[in-house]
1. Residues to consider are Ser141, Ser147; find the one that is in the same structural domain as Gly63 (by TED's automatic domain parsing), of a type in the set (Ser, Thr, Tyr) and in contact with a His (Cβ under 9 Å, 6 or more places away or on another chain).
2. One residue is enough: does the range 126-134 have a residue meeting the conditions out of contact with any Lys or Arg (no Cβ under 6 Å at 6 or more places or on another chain), farther than 19 Å from Tyr193 by Cα and either of a type outside the set (Asp, Glu) or at pLDDT 95 or above (or both)?
3. Inside the range 100-125, can you point out the residues that are aliphatic (A, V, I, L, M) and modelled with pLDDT under 95?
4. Residues in the range 292-309: is at least one more than 19 Å from Ile381 (Cα to Cα), hydroxyl-bearing (Ser, Thr, Tyr) and not assigned by TED's automatic domain parsing to the domain that holds Leu93?
5. Could you please give the count of residues in the range 340-357 that are among the acidic types (Asp, Glu) and touching a residue at least 40 places away in the same chain (Cβ under 8 Å)?
6. Might you check whether a residue that is under 19 Å from Leu221 (Cα atoms), at pLDDT 85 or above and surrounded by fewer than 16 Cβ atoms within 10 Å (Cβ to Cβ) occurs anywhere in the range 136-157?
7. Would you check which residues across the range 151-174 are in contact with a His (Cβ under 8 Å, 6 or more places away or on another chain) and of a type in the set (Gly, Ala, Ser) and list them?
Amino acid sequence: MTPQSVYIHIPFCTNKCFYCDFNSFVTNNPQLVWDYLEALKKEMQLTFAQTPPERIKTIFVGGGTPTFLDAEQMRFFLQSVQENLGQYLESDLEFTMEANPGTTDREKLKVMRSFGVNRLSFGAQSFDDELLKRIGRIHDSAAIGKSIENARLEGFENLSIDLMFGLPDQTMDKFADSLDRAFELPTTHFSAYSLKVEENTLFHTLYQKDQLPLPTEETELAMYLLLIERMETQGYRMYEISNFAKPGFESRHNQTYWRNEAYYGLGAGAHGYVNGQRHVNAGPLAMYMQMAKDGLPRVEHFAVTRVEQMEEQMILGLRLRRGVDIAQFERRFGESMTQKFGAVIEAEKAKGMLEESEGYLRLTQQALPLGNEVFAKFLGIDK
């Protein structure tokens, strides 16, 4: 089945956050941005000519910082999307764009809205101004509220906020205060992630020098449990281990990944999954733009074996609070979950980590903070 979801990467940022290992580039050269957008347009044309979609249900523009684009660049980019995908778009399309509170003005929002963007995901991370500086964010807490107010004024109703916990010198009180302030805003969705210290980041350098005072594992766990509890009391239902939504506002695009479904991936460093094949695009801008002149800018391309697909179905699906659809697994693979993973499932059930509920296999409540340990059990069964 051809993909019904599209991911598009805009790799530019005003500055590099201290924890970020994403494929992103700081630039003040507008010509570089225009050249990239031209290359991206070519990749769109070639991709959809080679593998035309039947219909598109979700588009997600991530980064980097998509709202780094000025209004004119944004218009050009969204016009390219419209030209290449307009005829395939479903009437109830979910069209998400990541936004930085420091780069979201009303002129830009007007352009986005006029081209059908209907969901915004704001990288707030925290409402503690000292902490925002500490992690290298360019905005302050007031900018978050202002950006959301601007978005509402321009007609956006589906608004998500990203939060982080386990940050340097972050205490339970500071995290609880950030949650309180986040809940004051008219949002429909939250994503919340613990800090992971990744290589090739400033935080990794500091960590190696023992200059990164992180909360203890116990404190980080307490933050996660507080997050789950507070989200529930505020009416945000946990539908994935790091994502919470008002009913009906779950991210349909991200559920494409968690259900292990196909998607197009466009832009520098983007990943795609089409016709049972995964691919990775060139990450460095010069390489991406050069390759896009002559064809698809792909540096890796590999078929996913049936066993790998089964493993991915379990690992990705168990992230969803509902879990993995037992009957759908058998329909997809012609083999039951029990036949393939029975021993692992029974062992994890006995430990109180997995349970069956309404035709789904899912993590138990106590297993939520330990998901990665459970997921690992489903890897390499045939080895």
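1. Ser147
2. Looking through the range 126-134, none of the residues is out of contact with any Lys or Arg (no Cβ under 6 Å at 6 or more places or on another chain), farther than 19 Å from Tyr193 by Cα and either of a type outside the set (Asp, Glu) or at pLDDT 95 or above (or both).
3. Correct list: Ala124 only.
4. No - not one qualifying residue is present in the range 292-309.
5. 0
6. No, the range 136-157 contains no residue that is under 19 Å from Leu221 (Cα atoms), at pLDDT 85 or above and surrounded by fewer than 16 Cβ atoms within 10 Å (Cβ to Cβ).
7. Ser160
Quick grid of which residues meet (1) part of a strand (DSSP E or B); (2) of a type in the set (S, T, N, Q):
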| site | (1), (2) |
| --- | --- |
| Leu32 | no, no |
| Pro53 | no, no |
| Phe60 | yes, no |
| Gln79 | no, yes |
| Asn84 | no, yes |
| Met97 | yes, no |
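The values are calculated or read from the model by the stated rules, or taken from the named source; none is laboratory data. Note that the structure is predicted; figures quoted are calculated from it, not measured. Cβ sites come from the backbone with ideal geometry, for glycine too, and all protein chains shown count toward neighbours.
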